[in-house]
1. Tell me yes or no: at least one residue of segment 88-101 is of a type in the set (Gly, Ala, Ser), closer than 20 Å to GLU44 by Cβ, touching a Phe, Trp or Tyr at 6+ places or on another chain (Cβ under 7 Å) and open to solvent by less than 70 Å² (accessible area, probe 1.4 Å).
2. Just give me the residues in segment 59-75 being in a helix (DSSP H, G or I) and open to solvent by 40 Å² or more (accessible area, probe 1.4 Å), in sequence order.
3. Output the residues belonging to segment 134-152 that are within 29 Å of SER86 (Cβ to Cβ) and either open to solvent by 20 Å² or more (accessible area, probe 1.4 Å) or of a type in the set (Ser, Thr, Tyr) (or both).
4. Give me the pairs: first residue in segment 220-237 and more than 15 Å from ARG209 (Cβ to Cβ), second residue among the β-branched types (Val, Ile, Thr) and surrounded by fewer than 12 Cβ atoms within 10 Å (Cβ to Cβ), beta-carbon distance under 8 Å, and six or more apart or on different chains, which are they?
5. With SER26, SER78, SER56 as the choices, which residue is open to solvent by less than 40 Å² (accessible area, probe 1.4 Å) and without any contact (Cβ under 8 Å) to a residue 40 or more places away in the chain?
6. Can VAL48 be described as open to solvent by less than 70 Å² (accessible area, probe 1.4 Å), at pLDDT below 85 and under 17 Å from ILE183 (Cβ atoms)?
7. Do we have VAL43 as modelled with pLDDT under 90 and open to solvent by less than 30 Å² (accessible area, probe 1.4 Å) here?
8. Kindly establish whether ALA33 is over 30 Å from GLU252 (Cβ atoms), open to solvent by less than 10 Å² (accessible area, probe 1.4 Å), at pLDDT 95 or above and of a type outside the set (Asp, Glu).
Amino acid sequence: MIPAAFQGRRILQHLNVAAVGFALSSLVGSVLANLFHGHHAVVELGLVVPTLLVGSLWAWLLRWKRLVGPVRIGWILSVPLAMLNSGLACAIAVEQGEHWGLFLLKFFLGATIGVLVWGPTLIATLLCFGLPIAWAQALAQKGLAGEERGERIVGATCLALSVGGFLMSFGSAALHAQGGGGISRMAAVFGALTGGAAMILAHLREMKRRRFVANVEAGRVENFRIDTTREGKVLVRVTQVGEGYRVADFQEELFELDERGDAKRAVVGAPGFRNRA
């Protein structure tokens, strides 16, 4: 069994996928509401909900390691996803009246002519969210510890941008004039909570793992030890098999560590035996 400090990274990924969606939707709802007219609830729903769904999907696709050439498929899909988001926002947020048959037309106009809005919005999104995510992906190439530091960066970014979206919702003229902004602020709160939770959890996991490695090196943890190889340090689990004088140590290399003892990656390979009898 791999120690708990080296397991369970998916919760960080799920938290940050949600955090990106909430933070992005709070900013879009707060900033772009002034471009639409109509009841504030329709405007906010039309801007916040599609952005939350499409933004979360974008954040999830960016983690998909499938490549088109040297580029992850999630980055390539950024443009069509921005068009989808703009089309849905335009179809919902623009005043409907009694003409629901115009939904597809407004969707088409939002996805095409709406490039005047979604183009700059996409650029801003790639700068504010894409750069931290790309930085996190670069850190993840260094192993488990780097991956968690990357998740901490994404979480901190979403926390900061969610706070920005929350504050800007009070300055949106269209929402303020009609007493709106509640939906945008709610998205900002959830963005701050999920991003903050990912940031704190990543930090706590790193500290827990460092303490575990330090205790193993000091000989305070049974059945584990740190071996030094040509490539660096390795966390090894040692299990005794047999009784009395017929005892053998079953050794299994678990994780490669860097020079500071931070986890890099799980060792792939068959465990070996070393007899002590």
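1. To start, the set of residues in segment 88-101 that are of a type in the set (Gly, Ala, Ser) comprises 89, 91, 93, 97, 101.
Next cut, closer than 20 Å to GLU44 by Cβ only: 89, 91, 93, 97.
From the residues that got through so far, the ones that are touching a Phe, Trp or Tyr at 6+ places or on another chain (Cβ under 7 Å) too are 91, 93.
Within this subset, residues satisfying the condition of being open to solvent by less than 70 Å² (accessible area, probe 1.4 Å) are 91, 93.
There is at least one residue in segment 88-101 that is of a type in the set (Gly, Ala, Ser), closer than 20 Å to GLU44 by Cβ, touching a Phe, Trp or Tyr at 6+ places or on another chain (Cβ under 7 Å) and open to solvent by less than 70 Å² (accessible area, probe 1.4 Å).
2. The first filter runs over segment 59-75 and keeps only residues in a helix (DSSP H, G or I), leaving 59-62, 73-75.
Result: TRP60, TRP75.
3. ALA134, TRP135, GLN137
4. The qualifying pairs are ASN223/THR239.
5. Within the list SER26, SER78, SER56, the selection yields SER56.
6. Working: open to solvent by less than 70 Å² (accessible area, probe 1.4 Å): yes; at pLDDT below 85: no; under 17 Å from ILE183 (Cβ atoms): yes.
No; evaluated as a whole, the condition is false for this residue.
7. On the way: modelled with pLDDT under 90: yes; open to solvent by less than 30 Å² (accessible area, probe 1.4 Å): yes.
Yes.
8. Working: over 30 Å from GLU252 (Cβ atoms): yes; open to solvent by less than 10 Å² (accessible area, probe 1.4 Å): yes; at pLDDT 95 or above: no; of a type outside the set (Asp, Glu): yes.
So ALA33 does not fit the description; no.
The values are calculated or read from the model by the stated rules, or taken from the named source; none is laboratory data. The structure presented is a predicted model; accordingly, all values stated were derived computationally and were not measured. Cβ: placed from backbone, ideal geometry, glycine included. Neighbour counts: every protein chain shown. To get the accessible areas, we keep the full protein, side chains included, count just its heavy atoms, and leave off ligands, DNA and RNA. Shrake-Rupley method; radii C 1.70, N 1.55, O 1.52, S 1.80 Å.
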